[in-house]
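Scroll down for the structure; my scribbles are underneath it.
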Amino acid sequence: MSIYALKGRFQDLLRPAVHGLYRMGITANTVTVAAAVVSLLVAAAVWCCAPNQPLLYLALPLWMLLRMALNAVDGMLAREFGQQSRLGAYLNELCDVIADAALYLSLLSVPGVRPEALWLLAWAAALSEYAGVLGLMVGASRRYDGPMGKSDRAFVIGVLGLLLAFGWAGATVVSAVAALAALLCGVTVVRRVRQGLKEAAAISQR
């Protein structure tokens, strides 16, 4: 199970806005890069300022929700309006991994947090996305299997930001959740590899 399964319904809600962006001349690559830049700015603000102004941790759930929308928007612009490109494929994957890592590591600002847990999450998340992309190299599709895909991780970090903003969680909770999410990223890697190989084998037998 993964929040990614809800993507189709989410896209239906966003479609009118996507049409509006297209009419304004906004391209998929522009949305991709802009989302990455804002992610870095949000991460920097949380890392440097949130310990003294805890309500800034609310930037994480708010931005995570908007960023999920932008991730859907750039894909819809690319697919539905003929904006797919090789550069776009690179930007989509690289920007997401960089932005994700920055947002996760912004929680290093939590006093007493175990940095190794957050670094492990950042590396495990990147590895899970790499495993998803490798599906294309074996003749399968780009894999988005859970249980800890990009949308699921965004939800987890958003919830942590909400809890931190109101003082309902601290370093122990953040460290434990990050470690558990990293473990589930490992499970995700295994599932993506297995499903990719299974799909590739099925395609080769047709």
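For segment 41-55, does any single residue satisfy the condition of being open to solvent by less than 50 Å² (accessible area, probe 1.4 Å) and of a type outside the set (A, V, I, L, M, F, W, C)?
No - not one qualifying residue is present in segment 41-55.
For K198, state whether it is over 17 Å from P115 (Cβ atoms), surrounded by fewer than 20 Cβ atoms within 10 Å (Cβ to Cβ) and among the basic types (K, R).
Yes; evaluated as a whole, the condition is true for this residue.
Considering only segment 158-186, state which residues are surrounded by fewer than 15 Cβ atoms within 10 Å (Cβ to Cβ) and hydrophobic (A, V, I, L, M, F, W, C).
If the condition is that a residue be surrounded by fewer than 15 Cβ atoms within 10 Å (Cβ to Cβ) and hydrophobic (A, V, I, L, M, F, W, C), then F166, W168, A176, L180, L183 are the ones that fit.
Given the options M76, M68, M148, M64, name the one that is at pLDDT below 95, open to solvent by less than 60 Å² (accessible area, probe 1.4 Å), touching a Leu at 6+ places or on another chain (Cβ under 9 Å) and not hydroxyl-bearing (S, T, Y).
M76
Within segment 29-57, how many residues turn out to be assigned to a helix (DSSP H, G or I) and over 19 Å from the mean Cα position of the chain (by Cα)?
Result for segment 29-57: 5.
Mind telling me which of the residues L103, L121 ends up being open to solvent by less than 10 Å² (accessible area, probe 1.4 Å), closer than 21 Å to A176 by Cβ and out of contact with any Phe, Trp or Tyr (no Cβ under 6 Å at 6 or more places or on another chain)?
Residue meeting the stated conditions: L103.
Quick check on G88: is it of a type in the set (G, A, S) and closer than 27 Å to T188 by Cα?
yes
The values are calculated or read from the model by the stated rules, or taken from the named source; none is laboratory data. It should be emphasised that the depicted structure is a prediction, and the values quoted were computed from it without experimental measurement. Positions of Cβ are backbone-derived with ideal geometry, glycine not excepted, and every protein chain shown enters the neighbour counts. Protein only, heavy atoms only, side chains kept; ligands, DNA and RNA dropped before computing areas. Shrake-Rupley method; radii C 1.70, N 1.55, O 1.52, S 1.80 Å.
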